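Since the structure comes first, as structure tokens, the remarks are kept for the end.
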Amino acid sequence: MKNRTLHFALVLVLLFTGILTVYGNNKHFYESKNGVGLIDGNNRPITDDYKLNQNFPNPFNPSTKISYKINIEGIVTLQVFNLVGQVVKVIVNEFQKPGRYEVEFDAGDLPSGVYLYKLQINDFTSVKRMTLLR
């Protein structure tokens, strides 16, 4: 019970500060080296490898579109979570080649509320929030 309360409090704090990070080697945080460009933790120059876009429309009822871009192939997982941290839907879980993708999320069986969606591919993770209004 204590673990669940702590997890819920952490999600709320991160949600309200607008900074939601998860474990792993996220490419959200870059350093500039002498103002010349962005490098990753291994001193390699980085490009715009991945991007998770905000769903549209938002708020939505009952479906919305989620788009993302990947420049390196890999196993892509796109999941939707409630604010308690439970997975309510796995939208994508497959190997994908580089490109732009758009998927439709139908929330016809879910109650109104705020949900989080998380894209994971290779070492990249990104989370955004969306609102379902009935």
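The values are calculated or read from the model by the stated rules, or taken from the named source; none is laboratory data. Worth saying up front: this structure is predicted, and the values here are computed from it rather than measured. Cβ placement follows ideal geometry from the backbone for every residue including glycine, while neighbour counts extend to all protein chains displayed.
Tabulated data for the structure shown
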| item | result |
| --- | --- |
| Pair list, Cβ < 8 Å and 6+ apart or interchain, from segment 99-112 residues that are under 15 Å from K128 (Cα atoms) to residues that are in a loop (DSSP other than H, G, I, E, B) | F105/N55 |
| Hey, N71 among the polar types (S, T, N, Q), more than 10 Å from L132 (Cβ to Cβ) and at pLDDT 95 or above or not | no |
| Hits in segment 85-120 (condition: closer than 18 Å to F60 by Cβ and part of a loop (DSSP other than H, G, I, E, B)) | A107, G108, D109, L110, P111, S112 |
| From the options I19, I46, residue that is loosely packed, with under 11 Cβ neighbours inside 10 Å, at pLDDT below 60 and within 20 Å of D123 (Cβ to Cβ) | I19 |
| Matching residues, segment 99-116, being more than 24 Å from K69 (Cα to Cα) and exposed (fewer than 11 other Cβ atoms within 10 Å of the Cβ) | G108, D109, P111 |
| Conditions (1) of a type outside the set (A, V, I, L, M, F, W, C); (2) surrounded by 14 or more Cβ atoms within 10 Å (Cβ to Cβ); (3) within 16 Å of S63 (Cβ to Cβ); number of the one not met by R134 | (2) |
| Close pairs (7 angstrom Cβ cut-off, 6 or more residues apart or separate chains): more than 18 Å from Q54 (Cα to Cα) and without any contact (Cβ under 8 Å) to a residue 24 or more places away in the chain in segment 78-96, among the hydrophobic types (A, V, I, L, M, F, W, C) and part of a strand (DSSP E or B) anywhere | V87/F81; E94/V76; F95/I75 |
| Residue match in segment 121-129 (condition: touching a residue at least 40 places away in the same chain (Cβ under 8 Å), polar (S, T, N, Q) and outside any loop (DSSP other than H, G, I, E, B)) | yes |
